[in-house]
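Here's the structure, in C-alpha cells; my notes come after.
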Amino acid sequence: MMKLRIVSALALLLAFGAMAQAETVKMVGATAGSNDGRPTRGMSQASVQSRYGSPVSTRAAVGDPPITRWEYSDFVVFFEHDKVIHAVIKR
C-alpha cells in the first residue's frame with residue numbers, strides 16, 4: 001500500500017513537472033550603473049543639477065514622502081526628498 005502511494009505521488013510529480021514551463025524575460029533598458037545619459041538612483045538634486053543643468057520645468061513635491069519631478073528635454077527625474085528614485089527617457 002505504501003509503495004503504491006509513493007509510485008502514485010512520483011507519477012503525479014512527473015506529470016505536473018512535464019507541464020511546467022519557464023519563460024525567459026529579457027530586460028531592455030538601463031540597469032543600475034549603465035551609462036544611457038540619465039541620472040542614476042541615489043544622486044542628489046544638487047548633483048543632478050550640476051551634471052545636467054537646470055531642468056526645463058519642475059513640479060512641486062507631492063505626497064508623503066514628498067516626490068518631486070524635474071523635466072529635462074530628454075528625460076524626467078523623480079526625487080524622494082532630494083534623492084533620485086527614478087529617471088525615465090521621454091519618447
Qualifying positions in the range 55-81 - hydroxyl-bearing (Ser, Thr, Tyr) and either part of a strand (DSSP E or B) or surrounded by 10 or more Cβ atoms within 10 Å (Cβ to Cβ) (or both): Ser57, Thr58, Thr68, Tyr72
Conditions (1) surrounded by 10 or more Cβ atoms within 10 Å (Cβ to Cβ); (2) at negative phi; (3) modelled with pLDDT under 95: number failed by Gly37: (2)
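The values are calculated or read from the model by the stated rules, or taken from the named source; none is laboratory data. Keep in mind the model is a prediction, meaning the values are calculated, not measured. All Cβ positions, even for glycine, are placed from backbone atoms using ideal geometry, and neighbour counts span all protein chains on display.
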